Amino acid sequence: MFGSNDNKDKTKIMANNNQSSHFSTLIGEGTTIKGDLSFQGEMIVQGKIEGSITSKSDKDNLIISESGSVIGTVKAGNLNISGSIEGDTSSSGKIEVTSQARINGNINYVNIEMEAGSQVNGKLIYQGGDVTPMINKKVEKDGK
């Protein structure tokens with residue numbers, strides 16, 4: 001049982017499968033990390049991070065849960081924010097800001113969805129390329 005090759009073969013298969021698997025990183029509630037983080041894939045923040053968070057690709061997802069907080073810059077492919085951020089945020093994909101979110105800082109976005117009740121103290125800065133010009137039309141009286 002202990003000396004059989006079956007266990008070694010199972011370990012090899014598991015290792016090979018893990019190389020192609022998508023893993024999530026969880027920063028649990030009650031955990032505080034001081035320092036900058038870089039991640040790939042998906043990261044869920046339920047605790048507190050004092051430092052910047054940067055994803056490695058545009059396909060990566062960062063979820064900041066209601067109990068999660070970040071004090072620092074956040075840059076990720078896609079963001080779902082239910083917690084708090086003290087710092088500037090940017091995304092090359094979609095940002096979802098839930099009604100529980102509290103953000104103190106600028107948001108650089110391409111695609112953003114904000115629920116009623118969310119709080120943002122900062123600027124929303126569109127990063128998607130050409131900006132549609134505002135049409136400045138005078139309202140004429142009497143149809144003239």
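Report, by residue number, each residue of the range 76-93 that is part of a strand (DSSP E or B) and surrounded by 18 or more Cβ atoms within 10 Å (Cβ to Cβ). The answer is Ala76, Asn78, Leu79, Asn80, Ile81, Ser84, Ile85, Thr89, Ser90, Ser91.
Residues in the range 43-59 that are under 10 Å from the mean Cα position of the chain (by Cα) and surrounded by fewer than 20 Cβ atoms within 10 Å (Cβ to Cβ) were compared, and the one that is farthest from Val97 (Cα to Cα) is Thr54. Output the residues belonging to the range 94-106 that are surrounded by 16 or more Cβ atoms within 10 Å (Cβ to Cβ) and either on the phi < 0 side of the Ramachandran plot or within 13 Å of the chain's Cα centre (by Cα) (or both). Hits for the range 94-106 are Ile95, Glu96, Val97, Thr98, Gln100, Ala101, Arg102, Ile103, Asn106. Starting from residues that are under 16 Å from Ile85 (Cα atoms) and among the small types (Gly, Ala, Ser), keep the ones in the range 107-130 and report whichever is surrounded by the fewest Cβ atoms within 10 Å (Cβ to Cβ). If we take residues in the range 107-130 being under 16 Å from Ile85 (Cα atoms) and among the small types (Gly, Ala, Ser), then Gly117 is surrounded by the fewest Cβ atoms within 10 Å (Cβ to Cβ).
For the range 28-42, which positions are over 20 Å from Ser90 (Cα atoms) and either among the hydrophobic types (A, V, I, L, M, F, W, C) or under 11 Å from the mean Cα position of the chain (by Cα) (or both)? Listed by number, the list holds a single entry, Ile33.
Bear in mind that the values in this text are calculations on the coordinates, not laboratory data. Keep in mind that this is a model prediction, so the values were computed, not measured. In this analysis, Cβ positions are derived from the backbone assuming ideal geometry, glycine residues included, and neighbour counts consider all displayed protein chains.
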